[in-house]
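Worksheet: the structure to be examined is printed underneath.
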Amino acid sequence: MHTKRFLFVASLLALALPTTATAAPTAVDVRIEGKTSTIFTGPVTTDGKVVAPSTGGAHACDGTNGGANPSPGPTATSALDDAALKGGFTWDGTWFAGFGDYSIDHVAGESSTSSEFWGVFVNGEALQVGGCQFLVQPGDEVLWTFDAFSKVGALSLTAPGATQTGKPIQVDVVDRATKGPVAGATVGSATTAGNGSAALTFDQPGVYRLKAEKPSWIRSSEVRVCVDPPLVEACTSTDRTPPSVRLDAPAISTSVGRFGQIRLSWQGDDGANGSGVRRYRVEKRRVDKPNGQWRAIKTDTTSTVARVPATAGSAYEFRVQAIDRAGNASPMTLGESLMPIDNLSHRLRFSKRGWKTLRRQGAFKLSVSRAIEKGATASLRFNGAQATIVTRNLPSGGRVRVSVDGDSKVVDLSGRGRFRRKLIATKNLEPGTHTLRVVSLGRAPIEIDGVAIAP
């Protein structure tokens, strides 16, 4: 079962490279505040990609725009695009070629005017670059807001997560940037005093979704408060539905990093009426080992990202579970990843002539093996059902013949490319021992950065 999934993923990767090389899907929190209400709020999984608003046209939006970053990845605008797909609304923007980015013209039908413009904040900070130029990280809060540049600031709301009917709670509102109290902000039926505080009481059980609002300020993110009858465990009287959770694990670990770790990210969603995700459990096991046992990575965490040390040439399966504040647990969500063998491994055998090792910052484990002579060979004896060579295209790259078990193909490595982005997979093989052989077919250079083995 696991072998079939690994072969399917690796085969898809080997078919073609996308127009824009991507890093890895990343889970972020996206909030879109319109003129009078919240358009969207929730977890979104995004990646650097080509976006295609009707006015601005299709362009890469992967952090390399305008030379802002050397490597591609998920961005603030790709997060907007994926939120639009998830939320069922549209956005549009004008493309500025000299800037290499879009200006956002409208979101969900709310359009910029001559004096009111859409803007973006990440973790409360206004961006100083375009949304396609800013790389987001797992767990970031991406906030797009209408009329962003005339706002005094963004509001931040804190409140107890649970209370009982008839029992007042204190809510506090501050300026997210300065942390100073904000008076005159409304939270539910209450208004904050000079110290930024107000009291709220709830008569009926339920999960209440609170926001702080004040004219000329960006409304706060949502805080959920569970209200239960006395003597009832918090959050249990109305929430009976488990959350859902998404896990993003790279099919081959080098797509998200240069070292011997696998970067995972995940994001839970408890729905509009749930009590909210409280914690996660994350586990791993070796798929290439007989009877590989599940082992905990994180057992009770609020984190949504992990870097997992991995053994070269190994295959891993991961699973994550989300638990909400009422104790409801999601089903386990699975993901799989391969950790390649590095080009410097003794398992890879290179011919004595025709190869040299180059130190490269962008390469897996910071080195590649380059062949510049016709007939230079490399081989790897492996046990598994598929091998995938990790390499890159070169502006003056040559051709390489890849063969295993009598089956071979020729691959052209000429063109522009980035480290760790070109993947050459063998055919699907019967599980067992095989020998991979690579031969340079000309004097133009080819490189080997690593080889991933699917069990």
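Over the chain, Cα pairs under 8 Å with separation of 6+ residues give a relative contact order of 12 percent.
Which percent, nearest 5, of DSSP beta bridges in the chain are antiparallel? Counting only bridges with both partners in the chain, antiparallel ones make up about 90 percent.
The listed peptides 183-191, 108-116, ordered by packing as a protection proxy, come out as 183-191, 108-116 (highest mean of other Cβ atoms within 10 Å first).
Taking segment 342-454 on its own, what percent of its Cα-Cα pair distances exceed 24 Å? Of the Cα pairs, 16 percent sit more than 24 Å apart. Sorting the segments 364-377, 346-359, 398-411 by their mean number of nearby beta carbons within 10 angstrom, highest to lowest, gives 364-377, 398-411, 346-359. Relative to its Kirkwood radius, the Cα radius of gyration of the chain gives an Rg/Rh of 1.05. On a C-alpha basis, how far is the centre of segment 32-96 from the centre of segment 209-262 in Å? Whole number, if you could? The two parts, judged by their Cα centres, are 21 Å apart.
Spatially, segment 98-116 and segment 345-368 are offset by 47 Å when compared through their Cα centroids. By the rule of a C-alpha distance below 12 Å, with chain neighbours fewer than 8 residues away ignored, the aspartates and glutamates paired with Lys289 are Glu317.
Would you work out which of Val282, Ile453, Thr26 lies farthest towards the positive end of the dipole of the chain, given +1 charges on the beta-carbon of Lys and Arg and -1 on that of Asp and Glu, about the Cα centre? Of the options given, the answer is Ile453. Estimated from the Cβ-Cβ distance and a Förster radius of 30 angstrom, the FRET efficiency linking Tyr208 and Asn123 is about 0.75.
Of the residues Ala385, Ala296, Trp355, the one whose Cα sits farthest toward the positive end of the charge dipole of segment 288-439, with +1 on the Cβ of Lys and Arg and -1 on the Cβ of Asp and Glu, is Trp355. Take the Cβ atoms of Asn428 and Lys289, set R0 to 35 Å, and the FRET efficiency comes out at 0.95. Across segment 208-213, coupling constants 3J(HN,Hα) worked out from phi with the 6.51/-1.76/1.60 Karplus curve, θ = phi - 60°, read 9, 9, 9, 9, 9, 9 Hz, and Gly and Pro carry x.
Under 23 Å of direct C-alpha separation, and excluding same-chain neighbours fewer than eight residues apart, Lys214 reaches these lysines: Lys35, Lys151, Lys179.
Counting Lys and Arg as +1 and Asp and Glu as -1, each charge on the Cβ, what is the dipole of the chain about the Cα centre in debye, to the nearest 20?
Computed charge dipole of the chain: roughly 2780 debye.
Where a number appears in this text, it was derived from the coordinates with a stated rule and is not lab data. Computed from a predicted model, the values in this text were never measured in an experiment. Backbone-built Cβ (ideal geometry, glycine too); neighbour counts: all protein chains shown.
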